[in-house]
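Student: Here you go, one structure.
The values are calculated or read from the model by the stated rules, or taken from the named source; none is laboratory data. In this text, all values refer to a predicted model and were calculated from it rather than measured experimentally. Virtual Cβ from ideal backbone geometry, glycine too; neighbours counted across all protein chains shown.
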Amino acid sequence: MVASCIANLPSLSSSELPTSHRSAHEYHNFARPIVELPYTDWQFAAPDNSDLTDRLERGQVLCFPQLAFTLSEQEQALLGPELVGPKRKNISFNIDRDRINGVADPTNEAAVRALLKRYYQHTRNLVETLLPENRGKLLEPVNSLRVHEISQWQGKSSWRKDDIRLHVDAFPSRPIHGQRIIRVFHNINPHGTLRVWRVGEPFERLAERLLPRIKPYSSLSSSLQAALKITKSKRSHYDHLILGLHDAMKADTDYQANGQQWQLDFHPGTTWMAFSDQTPHAAMSGQYMLEQTFLLDVASQKNSELSPLRVLERLTGRALL
C-alpha cells in the first residue's frame with residue numbers, strides 16, 4: 001500500500017463558503033489543502049501546463065509520498081539526539097557561507113555538512129523544476145537537521161516558540177521586508193514514525209480576523225531595536241504585522257483548539273513543501289527531519305497579489321514597505 005499524506009480532510013459545508021470577494025471555487029480548494037504528486041525520483045521533467053505554482057501560492061501544501069531522500073549507512077548511524085549540541089534544538093547549515101552550527105562532536109561535521117549540502121542540491125532542483133518561474137531566484141538558502149522528538153522541546157521555551165501551535169512563519173530578529181519563505185521538508189525517521197502536522201485556514205481569512213489584535217507599528221521603536229542589535233535590521237511595517245499574526249495565532253487557545261484545521265500525516269520517505277509564511281501549520285509529533293528554507297522576492301512570484309505582503313496591504317489600505 002502506497003503511503004499517503006492525507007489523514008483527515010473534511011469537506012466544507014455551504015455555510016463555510018466565503019461571503020466576501022473570494023470566490024467559492026477559490027476557497028473550495030482548501031477543502032483539500034494538500035496536493036499529492038506521484039514522483040519517485042528527484043530527477044524528472046517539469047510537468048506541462050502545471051498549476052502547481054498557483055496551488056502553492058494560494059497556500060496549499062505540495063506532498064510527494066514516494067519521493068525519498070536516501071541516507072547512506074554512515075549517515076543513518078549518525079542519527080540520534082546526541083548528534084546535536086546539548087543547548088541546541090537543531091543543526092543548521094548556511095549554504096552560501098558553508099557554515100554549520102550545532103554538531104556536538106566536531107568529528108561528525110564533515111559528514112553532516114555533506115548530507116545537508118546534498119539535501120540542498122536536491123531540494124533546489126525540485127523547486128526549480130516544479131516551479132520554473134522561480135529558477136535562479138531562490139535566495140539565502142539555509143537548511144537544518146532535526147533529530148529531537150517534537151515533544152521534547154514543548155514547554156522548554158516560551159509559547160511563542162512552541163511549534164505545536166498553529167502559526168505562520170516570521171523571523172523575530174531577522175526582518176525580511178516582504179520576502180516569501182518557502183520550505184521543503186523530508187521525514188527521514190528510520191523507525192517508521194510519522195511526522196504529524198496540522199494546517200489551518202486560508203491566510204487572508206485568518207488575517208482579517210486577527211489584524212485588529214495587533215498593536216500599531218512604531219517606526220521609532222523598530223529603529224531602536226535595530227540600533228540595539230535586537231534585530232539584524234529595521235523591522236518594516238510588514239515584518240511587524242506578520243510577526244504579530246504569528247504571535248496572535250499562538251496566543252489564541254480557542255483558535256488552536258477550535259479553529260478550522262486539518263491533520264496531515266507524513267510517512268518516512270515523504271517530501272513536502274509550502275510557503276510557510278502563508279500556510280498556517282503546526283508540527284504535532286515526529287522525530288528526525290530535514291528542512292530546507294529559501295527566500296523569494298514577492299516580485300518573482302507568478303501572482304504576487306496572493307503573497308502575505310499584498311494581502312496585508314490590501315486589508316490595511318496602505319503600503320507596508
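Student: Output the residues belonging to the stretch 187-209 that are in a helix (DSSP H, G or I) and touching a residue at least 40 places away in the same chain (Cβ under 8 Å).
Tutor: Hits for the stretch 187-209 are Phe203, Glu204, Arg205, Leu206, Ala207, Glu208.
Student: Okay, next question. Take the stretch 129-171 and flag every residue that is under 24 Å from Asp98 (Cβ atoms), surrounded by 17 or more Cβ atoms within 10 Å (Cβ to Cβ) and among the charged types (D, E, K, R).
Tutor: Matches in the stretch 129-171: Arg146 only.
Student: Further, regarding this structure: Of everything in the stretch 66-92, what is part of a helix (DSSP H, G or I) and within 12 Å of Pro190 (Cβ to Cβ)? Give them in sequence order.
Tutor: Result: Glu73, Glu75, Gln76, Ala77, Leu78.
Student: When you go through (1) among the small types (Gly, Ala, Ser); (2) modelled with pLDDT of 95 or more; (3) under 30 Å from Gly259 (Cα atoms); (4) outside any strand (DSSP E or B) one by one for Ser151, which number turns out not to apply?
Tutor: The one condition Ser151 does not meet is (2).
Student: Looking for something farther than 19 Å from Ile164 by Cα and either part of a helix (DSSP H, G or I) or modelled with pLDDT under 95 (or both) - is there at least one such residue anywhere in the stretch 241-250?
Tutor: Yes: one or more hits.
Student: Would the stretch 55-64 turn up any residue that is surrounded by fewer than 16 Cβ atoms within 10 Å (Cβ to Cβ) and not in a strand (DSSP E or B)?
Tutor: Scanning the stretch 55-64 turns up no residue that is surrounded by fewer than 16 Cβ atoms within 10 Å (Cβ to Cβ) and not in a strand (DSSP E or B).
Student: On to the next question. With the checklist (1) aliphatic (A, V, I, L, M); (2) buried (at least 16 other Cβ atoms within 10 Å of the Cβ); (3) part of a loop (DSSP other than H, G, I, E, B) in hand, flag the one item Ala46 doesn't pass.
Tutor: Ala46 satisfies all of (1) aliphatic (A, V, I, L, M); (2) buried (at least 16 other Cβ atoms within 10 Å of the Cβ); (3) part of a loop (DSSP other than H, G, I, E, B) except (2).
Student: Another question about this same structure. Hey, can you tell me all the residues within the stretch 301-321 that are hydroxyl-bearing (Ser, Thr, Tyr) and either surrounded by 17 or more Cβ atoms within 10 Å (Cβ to Cβ) or farther than 15 Å from Leu56 by Cα (or both)?
Tutor: Ser307, Thr316
Student: Residues being touching a helix residue (DSSP H, G or I) at 6+ places or on another chain (Cβ under 9 Å) and assigned to a helix (DSSP H, G or I): count how many of those fall in the stretch 251-265.
Tutor: The number of residues fulfilling the criteria is 3.
Student: Which of the residues belonging to the stretch 172-185 are part of a loop (DSSP other than H, G, I, E, B) and buried (at least 19 other Cβ atoms within 10 Å of the Cβ)?
Tutor: Pro175, Ile176, Gly178, Gln179
Student: Out of the stretch 86-100, which residues are of a type outside the set (Phe, Trp, Tyr) and closer than 17 Å to Glu75 by Cα?
Tutor: Scanning the stretch 86-100 gives Asn90, Ile91, Ser92, Ile100.
Student: For the stretch 287-321, give me the residue count where each residue is of a type in the set (Ser, Thr, Tyr) and over 30 Å from Ser151 (Cβ atoms).
Tutor: Total satisfying the criteria: 4.
Student: Being farther than 23 Å from Arg174 by Cα and either over 13 Å from the mean Cα position of the chain (by Cα) or crowded, with 19+ Cβ neighbours inside 10 Å (or both) narrows it down to one residue among Phe266, Phe294, Phe275; which is it?
Tutor: Phe266
Student: So, one more: Taking Arg146, is it out of contact with any Pro (no Cβ under 9 Å at 6 or more places or on another chain) and free of Cβ contacts under 8 Å to residues at least 40 places away in the same chain?
Tutor: Against the criterion (out of contact with any Pro (no Cβ under 9 Å at 6 or more places or on another chain) and free of Cβ contacts under 8 Å to residues at least 40 places away in the same chain), Arg146 does not qualify.
Student: Here are the criteria: (1) among the charged types (D, E, K, R); (2) farther than 20 Å from Glu57 by Cα; (3) in contact with a strand residue (DSSP E or B) (Cβ under 6 Å, 6 or more places away or on another chain). Tell me which single one Arg198 does not satisfy.
Tutor: With respect to (1) among the charged types (D, E, K, R); (2) farther than 20 Å from Glu57 by Cα; (3) in contact with a strand residue (DSSP E or B) (Cβ under 6 Å, 6 or more places away or on another chain), Arg198 is out only on (2).
Student: Take the residues in the stretch 87-107 that are crowded, with 16+ Cβ neighbours inside 10 Å and of a type in the set (S, T, N, Q), then tell me which one is farthest from Gln152 (Cα to Cα).
Tutor: Restricting to residues being crowded, with 16+ Cβ neighbours inside 10 Å and of a type in the set (S, T, N, Q), the top hit is Ser92.
Student: Quick check on this structure: which one of Gln256, Gln260, Gln287 is under 26 Å from Leu52 (Cα atoms) and either surrounded by fewer than 23 Cβ atoms within 10 Å (Cβ to Cβ) or among the polar types (S, T, N, Q) (or both)?
Tutor: Answer to the check: Gln260.
Student: Please specify each residue of the stretch 295-311 satisfying the condition of being in contact with a helix residue (DSSP H, G or I) (Cβ under 7 Å, 6 or more places away or on another chain) and outside any helix (DSSP H, G or I).
Tutor: Leu296, Gln301, Lys302, Asn303, Ser307
Student: If you don't mind, another one. Going through Ile188, Ile242 one at a time, which residue ends up being within 17 Å of Ala282 (Cα to Cα) and buried (at least 17 other Cβ atoms within 10 Å of the Cβ)?
Tutor: Ile242 is the lone residue from the list that is within 17 Å of Ala282 (Cα to Cα) and buried (at least 17 other Cβ atoms within 10 Å of the Cβ).
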